[in-house]
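First up is the structure itself, then whatever we jot down about it.
Just so it is clear, none of the values below were taken in a lab; they were calculated from the coordinates. These numbers come from a predicted model, not from an experiment. Positions of Cβ are backbone-derived with ideal geometry, glycine not excepted, and every protein chain shown enters the neighbour counts.
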Amino acid sequence: MIYTNFKLPGNESDQVFLDNFLPNKNNCRRLIRSRKEISALLVSNPSTKTLFFLLAMKVFGFISYKVFVFDLILKYPQTFFERLIAKVKGVAISAIDFIFVIHKDTQGYEKFYGLNPQRFIYIPFKANNFDFCAQLDAKEGDYIVALGASQRDYRTLVEAAKLIDAQVVIVCSDENAKNNNADLGDGSYPPNLTRVKDFVDSKRWYQYLAESKFVVVPIRGAAIQPAGISVYLEAMMVKKAVIVSEGASTNFILQNELNAMTVPAGDAKKLAFAINKLNNDSQLRDSIAQAGYEYARSLGNDLDLRTRIYKEIRSRV
């Protein structure tokens with residue numbers, strides 16, 4: 001029996017769904033009472049408290065089955081205090097047997113949190129709203145668009161825009177930027193760059209995506225967690241070529257000038273060069289867009305993602 005707060009495919013008799021997995025007395029009692037029937041525990045997006053709760057449960061012998069986590073987001077620790085916290089958090093994560101990750105480059109997790117690379121299980125992500133994206137009536141517009149906020153490096157994109165003759169649109173609200181650690185620069189934007197600062201609903205979001213010429217996903221170089229993957233996969237599903245920063249979200253996943261263009265993070269000149277190259281070469285743009293589409297489509301939808309996770313768990317218990 002799999003206990004989880006992340007709904008999996010398969011028979012309902014094969015799993016118990018925990019709607020709210022929190023470190024409290026009720027969950028503690030539930031896991032203790034059911035420990036003989038549990039073959040695996042899968043926790044999605046665990047908090048630090050949850051990780052320490054699982055560690056305590058293992059230390060006191062209440063967990064003898066395999067524990068898996070998905071959507072574990074760990075940030076790059078910049079200060080001495082943050083690095084110390086990372087080491088302590090790494091101890092809590094030691095209670096986890098396997099960690100599902102959607103990025104292959106886990107060097108940051110290994111270095112700063114002391115995690116064993118053999119405990120990572122790479123699970124390819126999927127385009128959000130897979131079927132909807134596949135049916136969008138996309139057309140090639142006259143602007144280049146960058147969307148999203150998670151770990152975005154818009155400062156570098158702004159500097160790159162000053163070096164090119166093309167219209168650039170950034171779709172990222174102030175609130176979203178604040179909540180997701182996006183660097184918007186100092187606000188001095190060139191005439192060819194427009195930032196949409198207000199909240200954008202899903203309809204307008206996909207309109208910006210579908211009517212763009214191509215998509216840029218600039219990621220901060222310090223990001224050790226996956227960021228921007230859902231956006232570049234959505235762009236691929238509407239047959240848009242993408243330019244993405246090299247890093248955890250792209251290393252060992254995307255192939256430069258095949259299914260995407262990848263550029264060094266934080267390098268405005270190289271980003272500008274890549275934008276100009278893609279902007280002026282329709283054949284390259286079309287070939288990257290088609291290869292990107294085939295790659296994103298091969299990953300399937302949300303059900304395929306959950307099926308991959310379910311099969312991996314079953315193969316290990």
Original post:
For helix 268-280, what angle does its Cα long axis make with the longest principal axis of the chain, in degrees from 0 to 90 and rounded to 10?
Top reply: 70
Original post:
Suppose every K and R has +1 on its Cβ and every D and E has -1 on its Cβ; what is the size of the dipole of the chain about the Cα centre, in Debye to the nearest 20?
Top reply: 1440
Original post:
Using a Gaussian network model of the chain with C-alpha springs under 10 Å, which one of Val215, Val238, Val59 is most mobile by mean-square fluctuation?
Top reply: Val59
**OP:** In nm, give the distance between the simple-model label positions of Asp201 and Asp142, each being 7 Å from the Cα along the Cα-to-Cβ direction.
**Re:** 2.8
Original post:
For the chain, what is the percent of antiparallel DSSP beta bridges, rounded to the nearest 5?
Top reply: 5
Subject >> Debye, to nearest 20: dipole size of the stretch 63-130, +1 on Lys, Arg Cβ, -1 on Asp, Glu Cβ >> reply: 60
**OP:** Choose one of Ile2, Val59, Asn26: the residue whose Cα lies farthest towards the positive end of the charge dipole of the stretch 1-86 (beta-carbon charges +1 Lys, Arg; -1 Asp, Glu; about the Cα centre).
**Re:** Val59
Original post:
Once the Cβ-Cβ distance between Tyr122 and Val59 is put in as r, and R0 is 22 Å, what FRET efficiency do you end up with, to the nearest 0.05?
Top reply: 0.15
**OP:** Using +1 at the Cβ of each Lys and Arg and -1 at the Cβ of each Asp and Glu in the chain, identify which of Ile123, Ala166, Thr156 lies farthest towards the dipole's positive end.
**Re:** Ile123
**OP:** In whole Hz, with x marking every Gly and Pro, tabulate ³J(HN,Hα) for the stretch 64-72 from phi via Karplus 6.51 cos²θ - 1.76 cosθ + 1.60, θ = phi - 60°.
**Re:** 10, 9, 6, 10, 10, 10, 10, 6, 8
Original post:
Which lysines, on any chain, are close to Lys269 with Cα under 17 Å apart, when same-chain ones fewer than 8 places away are left out?
Top reply: Lys162, Lys277
**OP:** Figure the gain on full extension for Lys162 and Asp14 (residue separation times 0.36 nm, minus the Cα-Cα span) and round it to one decimal in nm.
**Re:** 47.6 nm
Subject >> Normalised contact order of the stretch 223-298, rounded percent, pairs of Cα under 8 Å and 6 or more residues apart >> reply: 38
Original post:
Contour minus end-to-end for Asp286 and Glu257, with contour as 0.36 nm per residue of separation and end-to-end as the Cα-Cα distance?
Top reply: 9.3 nm
**OP:** Translational diffusion coefficient, Stokes-Einstein: compute it for the chain using the Kirkwood radius over C-alpha pairs as Rh, at 4 °C and 1.567 mPa s, and state it as an integer in µm² s⁻¹.
**Re:** 62
**OP:** Using only alpha carbon pairs under 8 Å that are at least six residues apart, calculate the relative contact order of the chain and give it in whole percent.
**Re:** 18
Original post:
About the Cα centre of the stretch 239-315, what is the dipole size in debye to 20, counting +1 per Lys and Arg Cβ and -1 per Asp and Glu Cβ, all else neutral?
Top reply: 160
**OP:** Name the residues whose placed amide hydrogens come within less than 5 Å of the amide hydrogen of Arg195, ignoring near sequence neighbours (fewer than 5 apart) on the same chain.
**Re:** Ile170
Original post:
So how tilted is helix 282-299 from the main axis of the chain? Cα-based, degrees 0 to 90, rounded to 10.
Top reply: 10
Original post:
In the structure shown, do any of Lys25/Lys178; Lys197/Lys270; Lys66/Lys126; Lys66/Lys240; Lys49/Lys197 have a Cα-Cα gap over 32 Å, and if so which?
Top reply: Lys25/Lys178; Lys66/Lys240; Lys49/Lys197
Original post:
How many angstrom separate the Cα center of the stretch 87-139 from the Cα center of the stretch 170-248?
Top reply: 20
**OP:** Once you have the Cα-Cα distance between Glu294 and Asn180, take 0.36 nm times their residue separation minus that, and quote the gain in nm to one decimal.
**Re:** 38.1 nm
**OP:** Quick one: compute the contact order of the stretch 130-238, relative version, from alpha carbon pairs under 8 angstrom and 6+ residues apart, as a percent.
**Re:** 41
Subject >> Amide H partners (placed H, <5 Å) of Ser44, local residues excluded >> reply: Asn5, Phe6, Phe70
Original post:
Taking the Cα atoms only, what angle lies between the long axis of helix 302-314 and the longest principal axis of the chain, rounded to 10 degrees?
Top reply: 40
**OP:** Name the long-range amide H neighbours of Asp267: under 5 Å, sequence gap of 5 or more, or other chain; modelled H, no Pro or chain starts.
**Re:** none
Original post:
What longest region of the chain stays clear of chymotrypsin sites (Phe, Trp or Tyr not before Pro) that DSSP places outside H, G, I, E and B and that have at most 11 other Cβ atoms within 10 Å?
Top reply: 61-198
**OP:** May I ask you to evaluate 6.51 cos²θ - 1.76 cosθ + 1.60, the Karplus curve with θ = phi - 60°, for each residue of the stretch 231-243 and list the ³J(HN,Hα) values in order in whole Hz, giving x for glycine and proline?
**Re:** 5, 5, 6, 5, 4, 4, 5, 9, 6, 10, 5, 10, 10
Original post:
Using θ = phi - 60° and the Karplus form 6.51 cos²θ - 1.76 cosθ + 1.60, what ³J(HN,Hα) does each residue of the stretch 201-218 get, whole Hz, x for Gly and Pro?
Top reply: 6, 4, 4, 5, 4, 6, 5, 4, 5, 5, 9, 7, 7, 7, 10, 10, 10, x
